[in-house]
Amino acid sequence: MKVLLVGNGGREHAIVWKLLQSKRIRQIMCVPGNGGTAALERCQNLPLTIDDFQGMVRFVEVHNISLVVVGPELPLALGITDYLKTQEIKVFGPTKEGAQIEASKSWAKSLMQQAKIPTASAAVFQDAKTAKAYVAAQVAPIVVKADGLAAGKGVTVASTTEEAQAAIDYLFENKFRQVLIEEYLTGQEVSVLALTDGLTIRPLLPAQDYKRLGEGDIGVNTGGMGAYAPAPIVTPALMKRIEQEIFTPTLAALRQRRIDYRGVLYAGLMITPAGDPKVLEFNCRFGDPETQAILPLLETPLEDLLLACAEQRLAEQPPIVWKPGVAVCVVLAATGYPESYQKGKLITGIEKAEAMGVNVFHAGTRLKPGLSGHQLTTDGGRVLAVTALGENFQQAHAQAYAAVECIEFEGMYYRRDIGVAGVGWVER
C-alpha cells in the first residue's frame, strides 16, 4: 500500500509512525508533514498545502495511492473527502456535511437534541449585545463557545459574568458569526475516540487530555498540553453506556440526515459526579494529543482499521487488540503559546530521549539545511510530544518526564502535572 496523509502535527506524525510499523505499507506521502515525518524511512513530505485538493488528486493518480488519510479538521470542513470521492479515491475522513459536527457547534447541538443525547443546555446568539444580556441573567460559571473552528481554543469557561462577556466580545471581534452560551457541567473530562464506517462503530481506548496551559488546570485553553490512556474513570460498564447512549444514537442521527460518516467520531465527555456521561463537544478527527497516547498502545494494524472504515466493512474486522499498560504523553510547547511565540529555535536531545525507549512525536518542527547537515528547529506553538509506556501509570509518568529532561530548545515550556493525582488521574 501507498498512503497519502494530510496534516503536519503531532497527531499526523503518530499516525505515520504507526502505519509504518506494518510491512504492508510501502510508502507514505505527507501533505505537508513536519520535521519528524521528513526523517522517517519510507516517508516523504510533499510541497503541497492541506487545501490543494487538485494537487493531491494529481499526485494520487500518478503515484497509485491506495488510501488518503485526513488528519486535521480544516480540510474536512472544506470538503476534501467530497472532492476526492468524486475522483473515486478512497478516503478516511467524513464528508463536509459530516464534519459540521465539529465545524459548527450549533449544528452539533441540534443533532444531539434531535437524537436525545445527554449534553449541556445551550443557547445560540448572532450578536454580542443579545449574548451579553443573556449572560447577565445567568449565574456563573458559564461556558462561551465559538460556533466554528478555532483550533481547540474557542472555548472559555468563565468564572464570572465579566469574563463571559469579554469572551463574547473577543469571538465576535474575531469574525465568528455565532456563539453558544452553554450550561457549566462539573465532573471529569474524558475523550473517547471511535472509528466508524457509517454503519458500525468501534471505540478506542479512553483518554484524558489537559487543555489548560498552566499546572493545576489553570490558565487559557490550548490545543492540549498532554494526555494519558487508558483513563480508568471509563470502566467497561461506563464504556458500554457511552456506546449505547452517545455513539449509537449519534450515528443513527447522522444516517437519518443521509450523511455517510466514515472516519473518527471523537466525543469530548464530562463524567458527572453521579457517573453519567454528557457530551461537551464532538470532533470529526483524531484528537491531538490523545492520538499520541492511544496509538502506541494499539496492537491491531492501523491500516486494517482505516481501510475497513473507508470501504464500509468495519463489522467484518475482529475486535481491536490493545497492549497492556498505560501511555503518558507530555507536550513541549514554545513560550507564548497559544498566543504569539517565536520559531526557528534549535532543538537538541531527541535521540537521547528516544534511547530511553520513548516516542518523540513532532508537531511544530522543521528540518532546515545547515553547515553541518540538517538542523531540527521549532516551527509551531506545540513543538513535540513525548510519549512513554509503562506497566502502570507511575512507570509511564516517570519515564515520560525523565525523557523530557533530555530535550532542549530555547523557551521550552511544559506542564509537570500531566496525569497526576488531583488533576485528572483517578486511582484504580
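The values are calculated or read from the model by the stated rules, or taken from the named source; none is laboratory data. Predicted model, so just to flag it, every value in this text is computed and none were measured. No Cβ is skipped: glycine too gets one built from the backbone with ideal geometry, and neighbour counts run over all protein chains shown.
Out of all the residues in the stretch 166-190, which are without any contact (Cβ under 8 Å) to a residue 40 or more places away in the chain and more than 23 Å from W107 (Cα to Cα)? Matches in the stretch 166-190: A166 only. Scanning the stretch 385-417 for residues that are in contact with a helix residue (DSSP H, G or I) (Cβ under 8 Å, 6 or more places away or on another chain) and not basic (K, R) yields A385, V386, T387, A388, L389, G390, A403, V404, C406, I407, Y414.
The rows are residues; the columns are (1) farther than 29 Å from A310 by Cβ; (2) not assigned by TED's automatic domain parsing to the domain that holds C30.
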position: F59; (1), (2): no, no
position: H63; (1), (2): no, no
position: Q87; (1), (2): no, no
position: V143; (1), (2): yes, yes
position: A151; (1), (2): no, yes
position: Q165; (1), (2): yes, yes
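Hey, any hits in the stretch 256-265 for a residue that's touching a residue at least 24 places away in the same chain (Cβ under 8 Å) and within 30 Å of Y414 (Cα to Cα)? Within the stretch 256-265 (the criterion being touching a residue at least 24 places away in the same chain (Cβ under 8 Å) and within 30 Å of Y414 (Cα to Cα)), the answer is yes, since at least one residue qualifies.
Pairs meeting the criteria (first residue in the stretch 197-208 and at pLDDT 95 or above, second residue surrounded by fewer than 19 Cβ atoms within 10 Å (Cβ to Cβ) and of a type in the set (F, W, Y), beta carbons under 9 Å, at least 6 apart or on different chains) are L204/W322; L205/W322.
Determine if the stretch 45-62 includes at least one residue that is closer than 24 Å to D379 by Cα and within 16 Å of the chain's Cα centre (by Cα). The answer is no; no qualifying residue exists. Those helices (runs of 4 or more DSSP H) of the stretch 271-370 in which 1 or more residues are closer than 24 Å to K240 by Cβ occupy 290-294, 302-310. Note on the stretch 392-407: among residues that are exposed (fewer than 14 other Cβ atoms within 10 Å of the Cβ) and outside any helix (DSSP H, G or I), the one that is modelled with the lowest pLDDT is N392. Would you check if E351 is exposed (fewer than 13 other Cβ atoms within 10 Å of the Cβ) and within 20 Å of K211 (Cα to Cα)? Against the criterion (exposed (fewer than 13 other Cβ atoms within 10 Å of the Cβ) and within 20 Å of K211 (Cα to Cα)), E351 does not qualify.
Test I28 against the criterion of being within 23 Å of N283 (Cα to Cα) and at pLDDT 95 or above, and give yes or no. When the stated conditions are applied, I28 does not pass them.
Taking the stretch 23-71, which residues are touching a helix residue (DSSP H, G or I) at 6+ places or on another chain (Cβ under 7 Å), assigned to a loop (DSSP other than H, G, I, E, B), in contact (Cβ under 8 Å) with a residue 60 or more places away in the chain and closer than 20 Å to T387 by Cα? Scanning the stretch 23-71 gives N34, G71.
For the stretch 353-411, a tally of residues being within 19 Å of A327 (Cβ to Cβ) and of a type in the set (V, I, T) returns 6. One residue stands out in the stretch 1-25 among those that are among the charged types (D, E, K, R) and under 23 Å from T81 (Cα atoms): the one that is surrounded by the most Cβ atoms within 10 Å (Cβ to Cβ), namely E12.
Restricting attention to the stretch 318-348, which residues are aromatic (F, W, Y) and farther than 17 Å from T365 by Cα?
To start, the set of residues in the stretch 318-348 that are aromatic (F, W, Y) comprises 322, 337, 341.
Result: W322, single match.
Name the residue that is modelled with the lowest pLDDT, counting only residues in the stretch 216-267 that are small (G, A, S), outside any strand (DSSP E or B) and more than 26 Å from F92 (Cβ to Cβ). Full working, then the answer.
As a first pass, look at the stretch 216-267 and keep what is small (G, A, S): 216, 219, 223-224, 226-227, 229, 231, 237, 252-253, 263, 267.
Retained after the next criterion (residues that are outside any strand (DSSP E or B)): 216, 223-224, 231, 237, 252-253.
Those still in the list that are more than 26 Å from F92 (Cβ to Cβ) too: 216, 237.
Details: G216: 89, A237: 97.
Top of the filtered list is G216.
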